[in-house]
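Every read-out reported here was derived from the displayed coordinates using simple, explicitly stated rules and does not represent laboratory data. A quick note: this is a predicted structure, and the numbers were derived from the prediction, not measured. Cβ: placed from backbone, ideal geometry, glycine included. Neighbour counts: every protein chain shown.
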Amino acid sequence: MELPRRSRGDELLKPGELSALRARLRQISDRHPLTSVIACAFDHRTRMLPFVYADVRMAPAGVRAIGAAMVDAGFARTRIVLGQWNRNFRPSRMRLDGRMPDIFMVSSMQIHAAVCESWLRDAGRIEAAERPLVIAGGPRFIYQPWEAFSAEPDDPWGADVVVTGEEYVLLSLLEAVLAVRGSGEPMRTAFARARDQGMLDAIPGLVYRRGTANGAAGELVDTGIQRLLGDLDELPHAALGYRLLEPPSGKATLAAQPLAASQVRRYSPIGAIVLTSGCKFACPYCPIPAYNQRQLRAKSGERIAEELSQLYREYGLRHLFMADDNFFNDPPRTVQILEALVRKEFDGIKLHRKIRWGTEVTVHGTLAMADHLGLVHKAGVRALWLGVEDMTAALVEKGQGADKTLEAFRLLRQRDICPMPMMMHHDEQPLYSRGSRYGLLNQARLLRRAGAVGLQVLMITPAAGSKLYEEAFTSGQVFESVGGRSVELRMFDGNYVIASNHPQPWRKQFNILAAYLYFYNPLRLLIALVRPKGRLYLTDAGMQVLGMWGLMQTMRRTLGWAWRLLGGHIVRSTRAPASRIPMRGVSGQAASHDLPGNGNQV
């Protein structure tokens, strides 16, 4: 299920290609004064540990990046709607500048599929004469683009096209459509003409449908795997996206104006920007390396420092999570970024005195950066999320054995950086093991003693785009239903045990809750107030309060599932999700985004 790799040497765009594309679009944007709405799907039933609070208090970087690209390309009349803040939003009710927008874009993760589908269905109810061009994208559709299209002839909902890539792919699509669009012509009509003339087939990273008489998708055409932007400094500035946010509301419609800059920090006190992309490890349960074509990409330190400065000046954002796959991937490059952040000044004040941030790293990378952790702290880092997975390396080996993990935590605590371990529970791991470090509680205890302030424990769950995805289904590991209740896509978040070969899978569900309860409880809160972990006094206590609140939400949502696992009949899947609509490449070859051997080719 991993995405195939482009030919070696052809994975990346040429330097300057994205910048040149945006410049070309700016030259024609006056002739095409487009309005667009970008909606980020969010299912509120997924609100639980470990992401509770941040899930609704941090405006996602992905949709903001798309909005920033639209504005930078000259299409300033763009609005970003977050399902986190606007749960009653309906595309059929949206109006921008008093009219239906020209383009409606929807982004979704797999766990938010139900909301995404409801929006696509609702967009299909808009009268054909004013229906916008509907574009789907985001993590869900990167790996399974067919899910944006109905396979039912009697229920023909869906997007017009899926973008399986990044900003360059979307803007290339717009350029191709605008090249044939007449003055005032609906974007959806112009798109159909560009599609039928083959103008989209040379843009890798698209999947579009060709309809039948009743409008249902007759086949899907896959233009291939995208080329990636190598130099992330070419991306539009992160601050642009924050100017487009729809104010929180319980209404189905849009406000007259976007959220005021002075209100951004109130609703999104945690900022987010992209630092680097890619990871040098190749864990079989992770889709990140294949998505990045085994490439490591990054912004320069100077660009990151400028973005942080502008976010602070315009919106007062002081606390940020840097979206990153593995920040310590390349120590020399990491040091360059950190040194730039330490040097940066604005208004006569050092940036690192104003900004506090965290990101994701590995134990191996932390030890490799041992001599530079003082610089890491000085640059403003106060928390690092470490992919510990399993301290004994029984699940996967990436340099994180128990002794190395404890040493990494000790080094971080010496520098007043909070270690935030991310654990994966699996079938072979017991809740507790006598005389060893293998048990889940044993490891939680060790990590807490080593200075862990927060804890993430998720059941290993098949991830679309990973090496193990298809096998997990065909081997019968994934549940189709339990006790008569179907497994929903929102349950593929690691909190629910929905894939296991354990003879008593209910134990795995209770194990996760037990580990959280061991780590987050009133006694720990009291200890955190009396004997905090290091000099970050309120951080430990604050995480305990947040963790206990999140644990209550997790228990409320997953205990019923645990009881079903205990007594209910389990029906197991035998086949991985695949397109029910025929898929092909532009020349009739197998589609790049379809399952190998699925037969969807002509």
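Over every pair of different alpha-carbon atoms in the range 32-230, take the mean of 1/r and invert it; report that Kirkwood radius in Å. Present the calculation step by step, with values, prior to reporting the outcome.
Details: mean 1/r = 0.0588 Å⁻¹.
Computed over the range 32-230, the radius equals 17.0 Å.
Going highest first, how would you order 109-121, 285-297, 432-444 by mean Cβ packing within 10 Å? Working shown, then result.
Numbers: 109-121: 20.8, 285-297: 18.6, 432-444: 16.5.
Descending mean neighbour count gives 109-121, 285-297, 432-444.
Just rank PHE104, PHE42, fewest to most, by other beta-carbon atoms within 10 angstrom.
PHE42, PHE104
Quick one: of the DSSP bridges fully inside the chain, what percent are antiparallel, nearest 5? List each step's numbers first, then the result.
Numbers: 20 of 66 bridges.
Given both bridge residues lie in the chain, the antiparallel proportion sits at roughly 30 percent.
Estimate the FRET efficiency between GLN257 and SER481 by the formula 1/(1 + (r/R0)^6), using the beta-carbon distance for r and 60 Å for R0, to the nearest 0.05. It would help to have the intermediate numbers written out before the result.
On the way: r = 46 Å, r/R0 = 0.77.
The pair GLN257/SER481 has a calculated efficiency of 0.80.
Kindly provide the GluC sites (Glu not before Pro) of the range 122-171 that DSSP labels as loop, not H, G, I, E or B, and whose Cβ sees at most 16 other Cβ atoms within 10 Å. Numbers along the way, then the final one.
Details: sites: GLU127, GLU130, GLU147, GLU166, GLU167; in loops: GLU127, GLU130, GLU166.
Passing sites in the range 122-171 are GLU127, GLU130.
Compute the semi-axes of the equivalent ellipsoid of the range 384-467, taking the square root of 5 times each eigenvalue of the Cα gyration tensor, and list them largest first in whole Å. Show your work: numbers first, answer last.
Working: eigenvalues 86, 51, 25 Å².
Those come to 21, 16, 11 Å.
If you place +1 on the Cβ of every Lys and Arg and -1 on the Cβ of every Asp and Glu, how big does the dipole about the Cα centre of the chain come out, in debye to the nearest 20? Numbers along the way, then the final one.
Details: 76 positive and 58 negative charges, 402 e Å.
Roughly 1940 debye for the chain.
Work out how far the C-alpha atoms of the range 127-177 reach from end to end along every principal axis, then list the three figures in whole Å, largest first.
35, 28, 13
Per the chain: cysteines with no other Cys C-beta under 4.7 angstrom?
Among the cysteines of the chain, those whose Cβ sits 4.7 Å or more from every other are CYS40, CYS116, CYS279, CYS418.
Convert 25 °C to kelvin, take the viscosity as 0.890 mPa s, use the Kirkwood radius over C-alpha pairs of the range 95-163 as Rh, and evaluate the Stokes-Einstein diffusion coefficient in µm²/s, rounded to a whole number.
Working: Rh = 12.4 Å.
Estimated via Stokes-Einstein, D reaches 199 µm²/s.
Once Lys and Arg get +1 and Asp and Glu get -1 on their Cβ, which of MET322, GLY348, ASN292 lies farthest toward the positive end of the dipole of the range 253-406?
Ranked along the dipole, the leading option is GLY348.
Using Cα-only point scatterers and the Debye equation, what is log10 of I(q)/I(0) for the range 454-602 at each q in 0.08, 0.13, 0.21 Å⁻¹, rounded to two decimals?
For the requested q values the scattering log ratios are -0.35, -0.72, -1.20.
Using the charge dipole of the chain (Lys, Arg: +1 at Cβ; Asp, Glu: -1 at Cβ; taken about the Cα centre), state which of ALA450, LEU406, MET48 has its Cα farthest towards the positive end.
Of the listed residues, the answer is ALA450.
Ranked from highest to lowest mean number of other Cβ atoms within 10 Å per residue, what is the order of the peptides 53-62, 93-102, 356-365? Each step should come with its number before you reach the end.
On the way: 53-62: 17.8, 93-102: 16.3, 356-365: 22.6.
The peptides rank, most packed first, as 356-365, 53-62, 93-102.
Using the count of nearby Cβ atoms within 10 Å as a rough guide to exposure, how do HIS352, HIS593, HIS426 rank from fewest to most?
Values: HIS352 21, HIS593 27, HIS426 18.
The fewest-first ordering by Cβ neighbours comes to HIS426, HIS352, HIS593.
Quick check on the range 136-249: of the DSSP beta bridges with both residues there, what percent are antiparallel, nearest 5%? Working shown, then result.
Values: 9 of 10 bridges.
If we restrict to bridges inside the range 136-249, about 90 percent are antiparallel.
For a quick check: sort GLU307, GLU152, GLU471 by the number of other beta carbons within 10 angstrom, fewest at the front. Let's see the in-between values first.
Numbers: GLU307 20, GLU152 10, GLU471 15.
Starting with the residue having the fewest Cβ neighbours, the order is GLU152, GLU471, GLU307.
Over all directions, average the projected area of the Cα convex hull of the range 267-310 and note it in nm².
Numbers: hull surface 18.2 nm².
About 4.5 nm², averaged over all directions.
Which stretch or stretches of the range 537-553 have amide N atoms under 20 Å from the point lying 7 Å from LEU566's Cα along the Cα→Cβ direction?
Within reach of a label on LEU566: 551-553.
In the structure displayed, which of LYS344/LYS404; LYS299/LYS378; LYS14/LYS299 lie more than 22 Å apart, Cα to Cα?
Details: LYS344/LYS404 33 Å; LYS299/LYS378 19 Å; LYS14/LYS299 16 Å.
Beyond 22 Å between Cα atoms: LYS344/LYS404.
Counting each DSSP H run of 4 or more residues in the chain as -39500 (n - 2.57), what helix-only mean residue ellipticity at 222 nm follows after dividing by all residues, to the nearest 500 deg cm²/dmol?
Working: 20 runs with 205 residues, N = 602.
Theoretical 222 nm ellipticity from helices: -10000 deg cm²/dmol.
Rounded to whole Å, give me the distance from the Cα center of the range 258-304 to that of the range 17-51.
16 Å
Using just the Cα positions, wrap the range 168-230 in a convex hull and report its mean projected area in square nanometres, one decimal place. Each step should come with its number before you reach the end.
Details: hull surface 18.9 nm².
Mean shadow area of the hull around the Cα atoms is 4.7 nm².
Report Rg(Cα)/(2.2 N^0.38 Å) for the chain, keeping two decimals.
Working: Rg = 24.0 Å, N = 602, 2.2 N^0.38 = 25.0 Å.
Its radius of gyration relative to the 2.2 N^0.38 Å reference: 0.96.
Calculate the dipole size of the range 453-576 relative to its Cα centre from +1 charges on Lys and Arg beta carbons and -1 charges on Asp and Glu beta carbons; express the result in debye to the nearest 20. Spell out each step's value before the answer.
Working: 14 positive and 6 negative charges, 63 e Å.
The dipole magnitude comes to about 300 debye.
State, in angstrom, two size descriptors of the range 185-335 derived from its alpha carbons: Rg to one decimal place and Dmax to the nearest whole number.
20.3, 59
Could you point to the residue in ASN521, SER183, LEU431 farthest towards the positive end of the chain's charge dipole, with +1 and -1 charges on the Cβ of Lys/Arg and Asp/Glu respectively?
About the Cα centre, the residue reaching furthest to the positive side is ASN521.
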